[in-house]
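J.: Please find one structure pasted underneath; my questions will follow.
Computed from the coordinates by the stated procedures, all read-outs in this text should not be read as laboratory data. Keep in mind that this is a model prediction, so the values were computed, not measured. Ideal geometry is used to build each Cβ from the backbone, glycine not excepted, and the neighbour counts take in all protein chains shown.
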Amino acid sequence: MRKITLSKAVNEALVEEMRRDENVFIMGEDVAEAGTPFKVLSGLVEEFGTDRVIDTPISEPGFMGIGVGAAMTGMRPVVDLMFGDFIFLIMDQLCNQAAKTHYMSGGKLNVPLVLRTNMGATRRSAAQHSQSLHAIVAHIPGLKIAMPSSAYEAKGLLKTAIRDDNPVVIFEDKLMYQDSAEVPEEEYTIPFGEACVKREGTDITLIGTSSMVQVCEKAAEMLQAEGISAEVIDPRTIVPLDEKTLVASAKKTGRVIVVDEGHQSFGITSEIASRINEKAFYYLDAPTTRIGAMDVPIPFSPALEDITVPTPERVFEQAKKLVSGELIDAA
Amino acid sequence: MQYGLKRSVRDSYVVGMVVWSEGLSGQPLPHCSTIKSAAFQPTGPLYLPSIFAKLSVLANVKGLLSHTKRFAMNKSKTKLSADDALRMFRQMVRIRTFENNANQLYLSAKMPGLTHMYSGEEAVAVGICEALLPTDKITSTHRGHGHCVAKGADFKAMFCELLGREEGYCRGKGGSMHIADQSNGNLGANAIVGGSMGIATGAALTAKLKKTGGVAVCFFGDGATAQGLMYEVMNMAALWKLPVIYACENNGYSEYTKTEEIAAGSITARAEAFGIESYQVDGQDVIAVNELSKELVERARKGEGPFFLELMTYRYHGHHVGDINREYYRAKSEEQDWRDNRDPIIRMRGWLVKNKYATEEALDELSKEVTEDAESAVAYALNAPYPDVSEVDMHVYTDVEHVLA
Amino acid sequence: MRHDIIMPALGMAQDTGTLLAWHKSEGEAVTQGETLFEVETDKTTMEVEAPASGFLVGISASDGDEVPVGQVIAIISDSADAPTPKPESAAAPQGSDETSGEDTLPPGKPIIMPVLGMSQDTGVLVGWSKELGDTVHQDDILFEVETDKSVVEVPAGIKGYLVARLAAAGDDVPTGETIAIISDEPSKQMVNRAYSTSAAPAEQSVKPTDEEKPKPVAEPAARVDQPQRKQTVTAPGGKVLASPKLKRMAHQAGYDLSLLAATDLPQPYHARDFEALKHASESAGKRAVGSPSIGAIHTLSARLSGLEFEAFLGWAADHLDSSAGDHVIAAFAGASLADKAVVRVDRRGESTTYSTQQQLSQTVESDDKPDLILHDLRGTFISSAEFPPDRAPVIAIVGSEGDVTLTLTCMDDQLTGKDAAVLLNNFAGRVADPLRHIF
């Protein structure tokens, strides 16, 4: 099968959906001729024109709000938020308006909007351009949250997001834009709420999101060399969450580590771990543990930044501890 | 009158931009003449520095303020049909009646939560919405019952919503602050001050992209002009020539604070800075509001938008129904003055009778009908069922019936 | 003056750039500002200009090559025929790699302190098995390391000549650090020294190959507290620490987890300890049948003739000592329970405890806790008795010569119903036919 970059996969998804549905349009900062700083959208304005690939001023709340209004009145905007960190600027429009409109209207108004943004540290971009803030929006009912782990997922999930009648936030890892993966030529979508078992195993379950899927896969390989069989699962969307698959795997292996690039406290890792605890408790042979980003703002210096994010080595060490039956924190 | 002075400052230099229908009462209104006389002797704390005033005059003479169109309506240009005039009167009466009943429901502890009364501002919602088609969009505010009625909503479903009943427009999930008849183009009342400005602008973007010829009106108060979102979306609306009308209902108070204490400079100048045509209009004169709205809506449909209106109006009640003791920010005499001398319904009534559109008796009969209609709707709503508790996790997502199932 | 031409970082998400075409060729004169080459990155093409005038030499990347950002791909030199120093290789650490350490290390392949334990940051070098200059083969033991309380012999892994030993016996060396160099050829400048952290430059000069990537700036594992070695943990109050899974498995099988606490297995227990639990439960003979409810009480009775027993006691009184009655009955009961048992006999307000064995003569008085309690009420007016279970199963004995009734009561966790039946039947059999015990 052909291999394309995640960036190209996103571009393809947008092209296909914009050809399919004339109501789909893109709006954001430097999305047209510039094609975004990551060059993900290059070529779109040439095909679809400036009416469907709309450059906005640097007014995140403004264009997010306009996107919500357009979505409520028949369009399917794909709003481009240049950095995930800017999500704090648009919180009212995203969380008070887009997320609640369907509910507040008793089901009469819809907001079929996609917010495309990114996440991920280790680009040496410091604290305001490196955050992974998906947990913050996942906390708000009414939003769906997709987290592609490769070019394949990026394309399939984005196409599904655009066709969804609800507001969807899709977080792409900005470090993965140039990563290639096998992506079929033919059309496909990936349903929301269906986790993907990336690797089967029997001794421990490693649940990872976005780029942490790769981290888990690397850790699984290291574990295999030690004779430990690790199962790796990518939830693909955290809202809705495929609890069934995660819990089933937890019951099977009896040990779980949840890995996510958001800050560890009050984050995705905590949520998933606690659901496993609630639903698979009597099958657990070890405490379900979390590995998230350190609870510090992302530092600039490579020497500091690299240790804030989960690594295969840390997952590997933690997995060995759990499998060895060591008492985790006897205090 | 706290902003009378403010307006007088404007009047003295850009006289024509104040939309004033002196024809409504047949003679210059007392407040009108007060304002005008004040205009030539500007005094008081809000008097602009003379240097600025001179610059404004200069600019105006040279046509640099071309976006601040003169719109004097000393006499109604187009003859209003009796049907249209009476419908506007009826709609204003309906809003006032709805609010009186809502207030009673609140005071008698039959209504959960709280609510913000629109009484006194009826001419704004009715004058604008009567210029719109049902397919045109509006966004409303926490003080939104008036917009909802004016855009064609039904009393029964509105009272049901107010009381949290299943048959409410939002199935009891929105309540007073989110009430909207979505089928008539109302995109919702918004409890975040200034929160709907993006939505209205987005609706206008849809109209432009899909070439529907539709127009969107964004209702908001003077308090919302302090929100940054307004400036972001006005900028884009002006850049992209969107068919949106920003309707600032300036009732003189930003919650419990005088507008002059929260808004520096001129409100219309905010929009003018983006090159948006802006008007200040007497929000108590439904004909003036309607005539201007009709003109601007038609122009917006042709792609000449966006536009900005500052509608000078007044709310009779406090910020919300529980805001009873409010003399610390507003004198009772001021409220009484507006009720007695500037009430939009009384003025319209006088105009209708004077122009022989209706007799006093016919108008009394109309009011009585509306009152009965409201009372029966209240009675109906009070007995209407609450939504089943199973609805609590419905309508979170379009494609999941019960999200917690 | 020499100017390095590097692959520039142009895009936002760019690690490499594709060299599209050189506009100048090797040795050609270039003027500052002239286009040197074109590079493609993030779908855009850029022309890169000459930063200085001179001669383009030492071109190390050709058209179509994908080159890591920051890599030197050519040099602008003062003369066309200037010696072209080989540009650094891709993996050479950026920055001042030319600063040499206090001693120059011979070239060769580095040998590192290996990670051998489960959670090991350092290893203690026990000793070298090869001398400096020795020829080593892949399988030759090169050194010994102590780690996690075991000593491991480490083979060389590669063949060649041991030209540097960078740690001495007893040194505690972080894993991954270079401790020796093996070269293809013997070297004259061999190094032999103790490990020191200031030997850092060595790492740069001895790591010319790109398979030895520099370690991450800081190893997260090194920051996390050292995981504790598995040790025996006990919770206060005698609570048994076990995983939810093992608890569920034990519950479903009817096993008592506290039996594991009596073994020398370390806590907390996990599913893998289930087999040991099963074994402990079965060997204790206390495996419940099915899933009995906790606290179940078994009560069984047996009726028999006491004539033979009285006759036997009469015989015994003549041949054995005076306390023969209690002594014999304890022996019979104890032998019915197990090969060895401790039996207490309560009779007319007096308690005597015996340690019993199969042979009557080996039954002696004891101070141990009883496994079985007998209430001997023969010769009283009591015609029927049933005692509540005690710390051990209880058997009440009532009646007279012709008609004796034995009533056993016990908790299920003392004896299962089946085992209780076996006990009582054996005991009754012995009382009814004492010779059966003897023979």
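J.: Write down the radius of gyration of the stretch A:3-182 and its Dmax, each obtained from C-alpha positions, in Å.
T.: 14.9, 45
J.: How high is the relative contact order of chain A? Use alpha-carbon pairs under 8 Å, at least six apart in sequence, and give a whole percent.
T.: 16 percent
J.: Let me ask something else. Which cross-chain or sequence-distant (5 or more) residues have an amide H under 5 Å from the amide H of C:Val191, H modelled 1.01 Å from N in plane?
T.: C:Ala164, C:Arg165
J.: Under a 5 Å amide H to amide H cut-off, with H placed in plane at 1.01 Å, what residues pair with A:His263 once short-range neighbours are removed?
T.: For A:His263, the qualifying residues are A:Ser132, A:Ala293.
J.: Quick one: Debye curve from the C-alpha atoms of the stretch A:67-135, no solvent, what's log10 I(q)/I(0) at q = 0.13, 0.28 Å⁻¹?
T.: The calculated log intensity ratios at q = 0.13, 0.28 Å⁻¹ are -0.42, -1.21.
J.: Using 21 Å as the Cα-Cα cut-off, could you pick out the over-long pairs in A:Lys108/A:Lys144; A:Lys100/A:Lys279; B:Lys151/B:Lys356; A:Lys100/A:Lys244?
T.: A:Lys100/A:Lys279; B:Lys151/B:Lys356; A:Lys100/A:Lys244
J.: For the residues A:Tyr188, B:Tyr118, what sequence is obtained by ranking on other C-beta atoms within 10 Å, fewest first?
T.: A:Tyr188, B:Tyr118
J.: Now, a different point. Sketch the reach of a paramagnetic label on C:Thr45 as a point 7 Å from Cα along Cα-to-Cβ, and name the residues of the stretch A:43-64 whose backbone nitrogen lies under 17 Å away.
T.: Inside the label zone: A:43.
J.: Do any trypsin sites (Lys or Arg not before Pro) in the stretch B:83-127 lie in a DSSP loop with no more than 13 other beta carbon atoms within 10 Å, and if so, which?
T.: Loop-located and lightly packed - B:Lys110.
J.: Given a Förster distance of 30 Å, report the FRET efficiency between C:Ala317 and C:Asp390 from their Cβ-Cβ distance, rounded to the nearest 0.05.
T.: Efficiency at R0 = 30 Å is approximately 0.55.
J.: Which net charge results when you count Lys and Arg as +1 and Asp and Glu as -1 among the other residues whose beta-carbon is under 11 Å from that of A:Phe300?
T.: So the environment of A:Phe300 carries a net charge of +1.
J.: Sticking with this one: Rg and Dmax of the stretch B:138-185 over Cα atoms: what are they, in angstrom?
T.: Rg, Dmax (Cα atoms, Å): 9.1, 24.
J.: Among the chymotrypsin sites (Phe, Trp or Tyr not before Pro) in the stretch C:329-426, which ones are in a DSSP loop with at most 12 other Cβ atoms within 10 Å of the Cβ? Mind listing them?
T.: C:Phe381
J.: What does the average come to when, for each residue of peptide B:201-214, you count the partner chain Cβ atoms lying within 10 Å of its Cβ?
T.: The per-residue average across the peptide is 6.
J.: Can you compute the FRET efficiency between B:Ala269 and B:Glu327 using 1/(1 + (r/R0)^6), with r the Cβ-Cβ distance and R0 = 45 Å? Round to the nearest 0.05.
T.: Once rounded, the FRET efficiency stands at 0.90.
J.: If you take every residue apart from A:Lys144 with its C-beta less than 11 Å away from the C-beta of A:Lys144, what net charge results, scoring Lys and Arg +1 and Asp and Glu -1?
T.: The answer is -3.
J.: For the stretch A:153-160, take each phi angle, set θ = phi - 60°, evaluate the Karplus expression 6.51 cos²θ - 1.76 cosθ + 1.60, and give the result in whole Hz per residue in order, putting x for glycine and proline.
T.: 5, 4, 6, x, 6, 5, 5, 5
J.: Oh, and also: Report for chain A the percent antiparallel among DSSP-assigned beta bridges with both residues inside it, nearest 5.
T.: 20 percent
J.: Could I ask something else about it? Trypsin sites (Lys or Arg not before Pro), restricted to the stretch B:143-220: which are DSSP loop and have at most 13 other Cβ atoms within 10 Å?
T.: B:Lys211
J.: What list of ³J(HN,Hα) couplings, whole Hz, do you get for the stretch A:127-137 from phi and the Karplus terms 6.51, -1.76, 1.60, once you set θ to phi - 60° and write x for glycine and proline?
T.: Each residue's phi maps through the Karplus curve to give 5, 9, 9, 9, 7, 10, 10, 4, 5, 5, 7 Hz.
J.: Return C:Thr45, A:Thr56, A:Thr122 ranked ascending by Cβ neighbour count within 10 Å, so the fewest neighbours appear first.
T.: Fewest to most other Cβ atoms nearby, the residues stand as C:Thr45, A:Thr122, A:Thr56.
J.: Using Cα positions and a limit of under 19 Å, work out the aspartates and glutamates in reach of B:Lys332, with same-chain residues fewer than 8 apart set aside.
T.: B:Glu121, B:Glu255, B:Glu260, B:Asp323, B:Asp340, B:Asp343
J.: Sticking with the crude label model, points 7 Å out along Cα→Cβ, report the distance from C:Ser351 to C:Thr31 in nm, one decimal please.
T.: Going from the C:Ser351 label point to the C:Thr31 one covers 11.6 nm.
J.: Considering just Cα atoms, how many Å³ per residue does the convex hull of the stretch C:3-77 enclose?
T.: Here the figure is 70 Å³ per residue.
J.: I've got another one for you. Please list, in chain and number order, the residues 5+ apart from A:Val169 or on another chain whose amide H is under 5 Å from its amide H, with Hs placed from the backbone.
T.: HN-HN under 5 Å from A:Val169: A:Leu115, A:Lys144, A:Ile145, A:Ala146.
J.: Here is a follow-up. Could you state the principal axis extents of the C-alpha atoms in the stretch A:199-277, from the largest down, to the nearest angstrom?
T.: 33, 24, 20
J.: While we're looking at this one, here's another question. Distance cut-off 18 Å, Cα to Cα: go down the list B:Lys156/B:Lys294; A:Lys8/A:Lys174; A:Lys198/A:Lys218; B:Lys137/B:Lys294 and report the pairs above it.
T.: Long pairs (Cα-Cα over 18 Å): B:Lys156/B:Lys294.
J.: Rounded to whole Hz and in sequence order, give me ³J(HN,Hα) for the stretch C:152-166 from the Karplus expression 6.51 cos²θ - 1.76 cosθ + 1.60, θ = phi - 60°, writing x for Gly and Pro.
T.: 10, 8, 10, x, 5, x, 9, 9, x, 10, 6, 10, 8, 10, 9
J.: In addition: For the stretch C:3-77, what does the relative contact order come out to in percent, with C-alpha contacts under 8 Å and a separation of six or more?
T.: 41 percent
J.: Under 17 Å from a point placed 7 Å out from the Cα of C:Asn425 along the Cα-to-Cβ direction: which residues of the stretch C:365-408 have their backbone N that close?
T.: Output list for this probe position: C:406-408.
J.: Also, quick follow-up: Note down the net charge around B:Gly214, summing +1 for each Lys or Arg and -1 for each Asp or Glu among other residues with Cβ under 10 Å from its Cβ.
T.: Neighbourhood net charge equals +4.
J.: Less than 17 Å from a label point 7 Å out along the Cα-to-Cβ axis of A:Ile58: which backbone N atoms in the stretch A:4-35 qualify, by residue?
T.: Flagged as within label range: A:28-32, A:34-35.
J.: Taking 7 Å along the Cα-to-C-beta vector as the label spot, tell me the B:Glu298-C:Arg2 distance in nanometres, rounded to one decimal.
T.: 8.1 nm
J.: If you don't mind, there's one more thing I want to ask. Do you know the relative contact order of the stretch A:3-182, to the nearest whole percent, from alpha carbon pairs under 8 angstrom that are 6+ apart?
T.: Relative contact order here is 28 percent.
J.: I'm a student and want to see the number: the projected area of the Cα convex hull of the stretch B:82-385, averaged over all directions, in nm².
T.: For the Cα atoms of the stretch B:82-385, the hull's average projected area reads 14.8 nm².
J.: Moving to a separate point now. Give me the distance in nm between label points sitting 7 Å out from Cα along the Cα-to-Cβ direction at C:Glu282 and C:Asp184, one decimal.
T.: Placing both labels 7 Å along Cα→Cβ, they lie 6.2 nm apart.
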